[in-house]
Amino acid sequence: MPRTYHTWGDWEAINTKKSKGAKVDEQKREAQRTKFARCRVCGKQMTYLNGTNILVCKNEVEKKKTRVNELGETVEYTVSEECGNVNIVDTQYQDYMRYLFA
């Protein structure tokens, strides 16, 4: 950003300084929230439990399973289950979590 110079006594020009605005701050917070609350197992967004330091993944994940049928053949099939990953965040990040999920 280029530096602007004002003459002495031109107080209105100094006071009309542009601010980043609340919209930019909210977009930044949303980007930080999505990055912080990403599940390590499935890669989707985790759910924050209010007032705690716990993030829980409640998303559906397809898992491949195998079984042996009556004829002795192995059959492979997919089952959709809840991911169930739990992330307990360290206490040093409590203030950051309150900021993100407020």
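Laboratory data are not the source of any read-out in this text; all were calculated from the coordinates shown. If you're wondering where the values come from, they're calculated on a predicted model, not measured in any experiment. Because the Cβ atoms are built from the backbone with ideal geometry, glycine has one as well, and the counts that use them run over all protein chains shown.
What the table below lists for this structure:
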read-out: Phi to ³J(HN,Hα) by Karplus 6.51 cos²θ - 1.76 cosθ + 1.60 over the range 97-102, Hz, x for Gly, Pro; value: 5, 4, 5, 5, 9, 6
read-out: Contour excess over end-to-end distance, with Cα ends at ASP10 and THR66 and 0.36 nm allotted per residue; value: 12.4 nm
read-out: The chain: most fluctuating residue of GLU12, GLU76, GLU62 per GNM, C-alpha cutoff 10 Å; value: GLU12
read-out: Per-residue HN-Hα couplings for the range 73-87 [Karplus 6.51, -1.76, 1.60; θ = phi - 60°; Hz; x = Gly/Pro]; value: 8, 8, 10, 9, 9, 10, 10, 9, 10, 6, 4, x, 5, 10, 10
read-out: MRE, 222 nm, helices only [DSSP H, n ≥ 4, -39500 (n - 2.57), over the chain, to nearest 500]; value: -7500 deg cm²/dmol
read-out: C-alpha long axis of helix 22-36 to longest principal axis of the chain, angle in °; value: 30 degrees
read-out: Other-chain or far-sequence residues with amide H under 5 Å of ASN53's (modelled H); value: none
read-out: Longest site-free stretch - the chain; sites: trypsin sites (Lys or Arg not before Pro), DSSP loop, at most 13 other Cβ within 10 Å; value: 59-102
read-out: Read-out Rg/Rh (Cα atoms, Kirkwood Rh), derived from the coordinates shown; its label in (i) 0.96; (ii) 0.99; (iii) 1.36; value: (iii)
